[in-house]
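Following: one structure in structure tokens, then a few remarks.
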Amino acid sequence: QVQLVESGGGLVQPGGSLRLSCAASRSIFSIYVMGWYRQAPGKERELVASITSFGNTNYADSVKGRFTISRDIGKNTVYLQMISLKPEDTAVYYCNADVRRGVSTPGNYWGQGTQVTVSS
């Protein structure tokens, strides 16, 4: 199994920056895809950014050029660097891992979420 723990959320002013961290309980080297999702009250959870085991990245159109997903395999951690934050970025951000090998139950694993609030 895989446990994921997010951290780094908080309150920032528009135009500010935050770096979110997702620490995994096992090596992320062989995890097929890891990503960040976000969900605002009353809205569907949406994909923000993802990174594959090959290092390929994808971003939602709304965050391209502002957010960067990266990984540190040695620390079993995935990051989401967010700059030029906007009020519409306010949401709970969740880490996700699409695990296909090395666990008894392959599938999607989720962290508990971390709140990001962008407000003046």
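Of all residues in region 49-104, those that are farther than 18 Å from S7 by Cβ, among the hydroxyl-bearing types (S, T, Y), modelled with pLDDT of 95 or more and surrounded by fewer than 16 Cβ atoms within 10 Å (Cβ to Cβ) total 3. Within region 27-45, the set of residues being under 15 Å from N108 (Cβ atoms) and not aromatic (F, W, Y) comprises I28, I31, V33, M34, G35, Q39, R45. With respect to the conditions (1) in a loop (DSSP other than H, G, I, E, B); (2) touching a Phe, Trp or Tyr at 6+ places or on another chain (Cβ under 9 Å); (3) in contact (Cβ under 8 Å) with a residue 60 or more places away in the chain, G15 falls short on a single one, namely (2). Restricting to region 105-117, and then to whatever is among the β-branched types (V, I, T) and open to solvent by 40 Å² or more (accessible area, probe 1.4 Å), can you tell me which residue is farthest from G9 (Cα to Cα)? Of everything passing the filter in region 105-117, T105 is farthest from G9 (Cα to Cα). Among the residues that make up region 96-114, is at least one of them closer than 14 Å to E46 by Cα, outside any loop (DSSP other than H, G, I, E, B) and not polar (S, T, N, Q)? Taking every residue of region 96-114 in turn, at least one turns out to be closer than 14 Å to E46 by Cα, outside any loop (DSSP other than H, G, I, E, B) and not polar (S, T, N, Q). Of all residue pairs spaced 6 or more apart or on separate chains, those with beta-carbon atoms under 9 Å, a first member in region 25-43 that is surrounded by fewer than 14 Cβ atoms within 10 Å (Cβ to Cβ) and a second member that is among the charged types (D, E, K, R) and not in a strand (DSSP E or B) are S30/R100; S30/R101; Y32/R100; Y32/R101; A40/E88.
The values are calculated or read from the model by the stated rules, or taken from the named source; none is laboratory data. Source: prediction; values computed, not measured. Please note: Cβ atoms are built from the backbone with ideal geometry, for glycine as well, and neighbour counts cover all protein chains shown. Ligands, DNA and RNA are excluded from the accessible area calculation, which covers all protein heavy atoms including side chains. Shrake-Rupley method; radii C 1.70, N 1.55, O 1.52, S 1.80 Å.
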